[in-house]
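Participant: Handing you this structure, nothing more for now.
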Amino acid sequence: MPRQADPQLEQRILEAASRLRARGGEKALTMRAVAKAAGTTTPTVYERYRDRDAILRALRIQCRVQLFAALRDSRTLAQACQSYLAFALEHRHAYEVLYDNFAEPPSLHEPWPSFNLLRERLTKRLGGTPRQHTRLMLSLWSLMHGTAMLLIRGGAVGPLRTQMFHSCLDSVEVIVAEAARYKGKLCSGPKWPANLILGEEAESKVTHTDDNGSAKSATRSARKELKPKRSRPVHTAP
C-alpha cells in the first residue's frame with residue numbers, strides 16, 4: 001500500500017524550525033537541521049519550503065493568524081492590548097520570529113491583521129478613519145512590543161512581571177486619553193505621509209526618493225523580490 005501523507009508534517013517542520021531558531025538564531029536554522037528536528041528528511045523539507053526564508057515566512061504568517069485569533073473577540077482597545085501582551089508571553093518564540101525585520105520586504109508589504117484590528121479599536125474610541133490614527137497606533141504598538149520583549153528577554157517573574165504588564169496597559173490608556181484631548185493637534189516632526197501605508201497588503205507601500213531625486217516605490221521592489229525563483233536541486237542526503 002502507498003504511504004499516506006502525514007497531515008501534521010508541515011506543522012512539525014514549523015515547530016522544529018521555531019525551536020531551532022530560539023536556541024541558536026537563524027544560523028542554526030538549516031534545512032538539514034530542520035529535517036532532523038522534525039523527524040523527516042531534507043528532501044521532504046525542500047518539497048514544502050524552498051529555503052530558510054520560506055520557512056521563516058510561513059512561521060510569520062502562522063503567528064499572524066494566531067495573534068489575530070487571540071484579539072478578534074476583544075470589544076475595546078484595552079481588551080485587545082491585554083490579549084496582545086498575553087499572546088506574546090505565551091508564544092514567545094513565534095512572537096520573536098513575527099517581528100524580526102518587520103520593516104523590510106516581504107514583511108513590510110504583507111497584511112498586518114492584528115495591527116489593523118488594534119487600529120480599528122482605536123478609531124472606534126477616537127473617531128475618524130483608521131488611517132488617520134496610523135501614527136498613534138504605531139507608537140502604541142511600539143510601547144506594547146517593547147514591554148513584551150523586555151518581559152520575554154528580561155526574565156521578569158512574579159510581582160515585577162505583573163507590574164510591567166499592567167503599567168504598559170495603563171500607559172496605553174493615558175496616551176489614548178491625551179490623544180482624544182488634543183484631537184490630533186499634537187504632532188512633533190513631520191506629519192504622517194499620505195503615501196506611507198502599513199499593514200494593508202496590496203495597498204502597503206513606502207515611497208522614497210532615490211539618489212537622483214525621483215520617486216521610487218518600495219512596493220515594486222518587494223514584488224520583484226517575491227517573484228518565484230528557479231528551484232534549486234533537491235538534496236538527496238537526509
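The values are calculated or read from the model by the stated rules, or taken from the named source; none is laboratory data. All of these numbers come straight from a predicted model, not from anything done at the bench. Quick reminder, even Gly has a Cβ in these numbers, built from the backbone with ideal geometry, and neighbours come from all protein chains shown.
Participant: In this structure, does L160 turn out to be part of a helix (DSSP H, G or I) and touching a Cys at 6+ places or on another chain (Cβ under 9 Å)?
Facilitator: Here the answer is no, as L160 does not meet what is asked.
Participant: Would you check if F115 is of a type outside the set (K, R), in contact with a Gly (Cβ under 6 Å, 6 or more places away or on another chain) and at negative phi?
Facilitator: Judged against the criteria, F115 is a match.
Participant: What do you reckon, is V172 in contact (Cβ under 8 Å) with a residue 24 or more places away in the chain and not basic (K, R)?
Facilitator: Taking the combined requirement at face value, the residue satisfies it.
Participant: Further question on the same structure: Looking at region 126-136, is at least one residue surrounded by fewer than 18 Cβ atoms within 10 Å (Cβ to Cβ), of a type in the set (D, E, K, R) and touching a strand residue (DSSP E or B) at 6+ places or on another chain (Cβ under 8 Å)?
Facilitator: Scanning region 126-136 turns up at least one residue that is surrounded by fewer than 18 Cβ atoms within 10 Å (Cβ to Cβ), of a type in the set (D, E, K, R) and touching a strand residue (DSSP E or B) at 6+ places or on another chain (Cβ under 8 Å).
Participant: Another question, if that's okay. Considering each of L143, L85 in turn, give the residue that is under 19 Å from V172 (Cβ atoms) and surrounded by 19 or more Cβ atoms within 10 Å (Cβ to Cβ). Can you show your working first?
Facilitator: Numbers: L143 fails: surrounded by 19 or more Cβ atoms within 10 Å (Cβ to Cβ).
Of the residues listed, the single one that is under 19 Å from V172 (Cβ atoms) and surrounded by 19 or more Cβ atoms within 10 Å (Cβ to Cβ) is L85.
Participant: Yes or no: region 45-65 includes at least one residue that is farther than 20 Å from F102 by Cα, small (G, A, S) and modelled with pLDDT under 95.
Facilitator: no
Participant: Being over 12 Å from the mean Cα position of the chain (by Cα) and of a type in the set (D, E, K, R) narrows it down to one residue among R64, R57, R131; which is it?
Facilitator: Residue meeting the stated conditions: R131.
Participant: Considering region 1-18 alone, what residues qualify as being surrounded by fewer than 16 Cβ atoms within 10 Å (Cβ to Cβ) and of a type outside the set (D, E)?
Facilitator: M1, P2, R3, Q4, A5, P7, Q8, Q11, R12
Participant: Right, here's the next one. For the condition small (G, A, S), over 20 Å from L138 (Cβ atoms), over 22 Å from the mean Cα position of the chain (by Cα) and at pLDDT 50 or above, what is the one hit in A194, A180, A156, A215?
Facilitator: Within the list A194, A180, A156, A215, the selection yields A156.
Participant: Hey, another quick one. Hey, among the residues in region 90-107 that are surrounded by fewer than 16 Cβ atoms within 10 Å (Cβ to Cβ) and of a type in the set (A, V, I, L, M, F, W, C), which one's farthest from E15 (Cα to Cα)?
Facilitator: Applying the filter and picking the extreme gives A103.
Participant: Can you name the number of the only condition in (1) surrounded by 12 or more Cβ atoms within 10 Å (Cβ to Cβ); (2) modelled with pLDDT under 90; (3) not in a strand (DSSP E or B) that G189 fails?
Facilitator: (1)
Participant: Turning to a different aspect of this structure: Name the single residue that is surrounded by the most Cβ atoms within 10 Å (Cβ to Cβ) among those in region 108-121 being part of a helix (DSSP H, G or I) and at pLDDT below 90.
Facilitator: H109
Participant: Going by what's in this entry, would R3 be described as outside the structural domain of L118 (by TED's automatic domain parsing), at pLDDT below 90 and in contact with a His (Cβ under 8 Å, 6 or more places away or on another chain)?
Facilitator: Values: outside the structural domain of L118 (by TED's automatic domain parsing): yes; at pLDDT below 90: yes; in contact with a His (Cβ under 8 Å, 6 or more places away or on another chain): no.
When the stated conditions are applied, R3 does not pass them.
Participant: Need pairs with beta-carbon distance below 7 Å; first residue over 17 Å from A88 (Cβ atoms) and within region 131-149, second of a type outside the set (A, V, I, L, M) and crowded, with 20+ Cβ neighbours inside 10 Å; sequence gap 6+ or separate chains.
Facilitator: Close Cβ pairs (under 7 Å, with a partner that is of a type outside the set (A, V, I, L, M) and crowded, with 20+ Cβ neighbours inside 10 Å) amount to H133/R119; T134/R119.
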